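Here the structure is laid out as structure tokens; the discussion comes afterwards.
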Amino acid sequence: MPKATHFTTIEQLEADNTKLHENGCSACAETYEDRLKTQTPHCKFGEDGICCRNCSMGPCRITPKGQRGICGADAHAIAGRNYLRAIASGTSSHSDHARELLHILRGTKPEGPYTVKDEVKLIELATEWGVATEGRGIYDIAHEVAELGLQEFGKADGFQRLVSRAPQERQDVWAKEGIMPRAIDREVVTAMHMTHMGNTADAEYLVRQGLRTGLSNGWGGSMLGTLVTDIMFGTPSVWTTEANLGVLEKDMVNVVVHGHDPAFSEILVDACEDKSVVEYCRSKGIKGINVVGLCCTANEIAMRHGTRMAGNFLQQENVILTGVCDMMCVDIQCIFPALATLADCFHTKFVTSSPIARIPGAIHVEFHPDTAFEQAKELVRSAIDNYANRIEDKIFIPEAKQKATVGYPTEQIIRHLDNVSNSHVASETLGGYRGVIDAVKSGVLRGAVAMVGCNNPRVRPDYSHHEIMRELLKNDILVVASGCSAQVAAKAGLANKDAKYICGSGLRRVCELLDIPPILHMGACVDISRMLLLAAGISEDWGIPMTQIPVVGCAPEWMSEKAVSIANYVVSSGLDVYLGIEPQVKGSSQMMELITEGTKKIVGAGFVINTDPHELVKSIIDGIEAKRAFLGI
Ligand code: BF8
Ligand code: SF4
């Protein structure tokens, strides 16, 4: 068994963080820790979700003496409307990301820069959608599939096509409850319309539209995003890589890609490997180019190239504070506007690329599909030129990094299960998820948890993820992880095959047999759609509804509106979601009841909220055991 020191503790991560902060202070830089002080305590009305500025009679807020806004909206209406608007925004973000990718797929051509890499996945999707494939060129098919995918956003009639991938039981529930997702834009627009002054004031109907809007993300936008990414850049496979700030190199040009859009990061990774660019780097006497990822982009490129991961959300400033980030290139979502000013305190070139995310002080280079590769090479050359501008006194690279095995989309999980024969854990009948289901039925595995979401300075960053994951592993509960949660696992050394040594004996046996780490890295936040398909596959192979499988979701430090949308589609899909940060609806007793208990009556699942990670993980384990007891296993 490896020593405890084999894993990186939260205390070690925090010590590095403190040193980096000091490094920043000496460079007159300000970070989120400084700004947090000026924003604490937070506005109570905002925290409770009971301020409204949906019209200019307001803003209105609910107080003991003012129980209604000027129009008469009460706390429930106001909190419900704010909540639904968050879901609409989160759904827009994931879905617009997918839409951009579909536009690129529509323009793919054999000579690139964007091509079709996974033809099998394209043909599968084309067949599912009734697109003729016989005797047609692959690009012809890709363009028609892209066209149909784009129609999922604005079609006048019908529901999301990918809903047909959900178990029939779920589809029946959604149809019966009137929450079957229509066109994605339609659901978002309806949510915005419902929350306009003078429309819905009944919290239940706001929550119902939240479920429907979330579904248009999970079984629509996000799933489309994942599929199209796989088609254009390849379905991920297993890679061993490294994670944490120690992946930055003192004697190499560090190019950091940050954000979410793989169409951007893939091209940059290619540009960093381009022969002429590498030669240019050597001509300057520099050892090489070190391209690393941040946030969800890190997950995307790690799973397709083995690219190393510099960190998650709250580490984005730390990357610049090391003093060796020669260029940070960002696209969309979760990018601190603070990075532009922070970069000015160091030598870092901070480059934005998307018209959706313009930031004052940044160098803006708008990428165009046809010229993307040339633009990317130009940027990397400019990063190489910038290497000479480093300021020696400001350099501090924490040493901490851990090995991580990443890249487990559903296809990989099935492949691993199929590779096992005559096992003690899996049944004789292999194929699909039978092996894992038998392991759960026999109790070797107790269940599985999808660990997702961000880190958040409202709590001790990364701590909740860390504590919860370790406890789950000890209790023979398999973890699948995505987004910033997956990176906590990677940084801590828990996405490493050696992490089996801290697992319970059952999970350890499964890891040994399948040759997997106990935390399966499934990708970025859009890839939570992969988790939906995993849960759907387990439910169908088992022959029980999704609400009954001992699988739940957990977002212990969520912060973004995307996370609110995700939580809604996971719950709508029948899986309980455990939250460690309270949704901003606390000022409404009705809303609190609706999101925890009310949705159980609609979709059979709800939120469990607890800000103490140890209590939260206990309730997760109890929840899984209750599901097992119901099944009599
Ligand atoms: O989509 S987990 S902080 S990086 S929102 Fe953002 Fe949260 Fe990280 Fe990716 Ni997801
Ligand atoms: Fe106030 Fe009603 Fe206007 Fe909201 S919609 S700001 S509660 S008057």
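The values are calculated or read from the model by the stated rules, or taken from the named source; none is laboratory data. Keep in mind the model is a prediction, meaning the values are calculated, not measured. Every residue, glycine as well, gets a Cβ built from its backbone with ideal geometry; the counts of neighbours run over all protein chains shown.
Below, the figures for the structure above:
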| read-out | value |
| --- | --- |
| Exclusive hit being modelled with pLDDT of 95 or more and under 14 Å from Ala29 (Cα atoms), set Ala310, Ala343, Ala302 | Ala343 |
| Condition check for Thr348: within 16 Å of ligand 1 (Cβ to nearest atom) and touching an Asp or Glu at 6+ places or on another chain (Cβ under 8 Å) | no |
| Selection status of Thr241, within 22 Å of Ser482 (Cβ to Cβ), touching a residue at least 40 places away in the same chain (Cβ under 8 Å) and surrounded by fewer than 23 Cβ atoms within 10 Å (Cβ to Cβ) | no |
| Complete set of residues in region 60-73 that are charged (D, E, K, R) and near ligand 2 (Cβ under 9 Å from one of its atoms) | Arg61, Arg68 |
| Residue that is farthest from ligand 2 (Cβ to nearest atom), among those in region 474-497 that are surrounded by fewer than 24 Cβ atoms within 10 Å (Cβ to Cβ) and part of a helix (DSSP H, G or I) | Lys497 |
| Test: residue in region 74-86 that is closer than 20 Å to His260 by Cα and surrounded by 13 or more Cβ atoms within 10 Å (Cβ to Cβ) | yes |
| Positions within region 48-59 being within 9 Å of ligand 2 (Cβ to nearest atom) and surrounded by fewer than 24 Cβ atoms within 10 Å (Cβ to Cβ), in sequence order | Cys51, Arg53, Asn54, Cys55, Ser56, Met57, Gly58, Pro59 |
| Leading residue by the ranking (nearest to ligand 1 (Cβ to nearest atom)) among those in region 178-215 that are within 24 Å of the chain's Cα centre (by Cα) and of a type in the set (S, T, N, Q) | Thr213 |
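This table checks each residue for (1) in contact (Cβ under 8 Å) with a residue 60 or more places away in the chain; (2) acidic (Asp, Glu).
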{"residue": "Gly225", "(1), (2)": "yes, no"}
{"residue": "Asp230", "(1), (2)": "yes, yes"}
{"residue": "Asp261", "(1), (2)": "yes, yes"}
{"residue": "Ile267", "(1), (2)": "yes, no"}
{"residue": "Asn290", "(1), (2)": "no, no"}
{"residue": "Ala310", "(1), (2)": "yes, no"}
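A quick yes/no check of all residues on (1) in contact with a Ser or Thr (Cβ under 9 Å, 6 or more places away or on another chain); (2) within 16 Å of ligand 1 (Cβ to nearest atom); (3) assigned to a helix (DSSP H, G or I); (4) in the same structural domain as Val526 (by TED's automatic domain parsing):
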position	(1), (2), (3), (4)
Met57	no, no, no, no
Pro64	no, no, no, no
Ala79	yes, no, yes, no
Thr91	yes, yes, yes, no
Asp96	no, yes, yes, no
Lys109	yes, no, no, no
Thr115	yes, no, no, no
Ile123	yes, no, yes, no
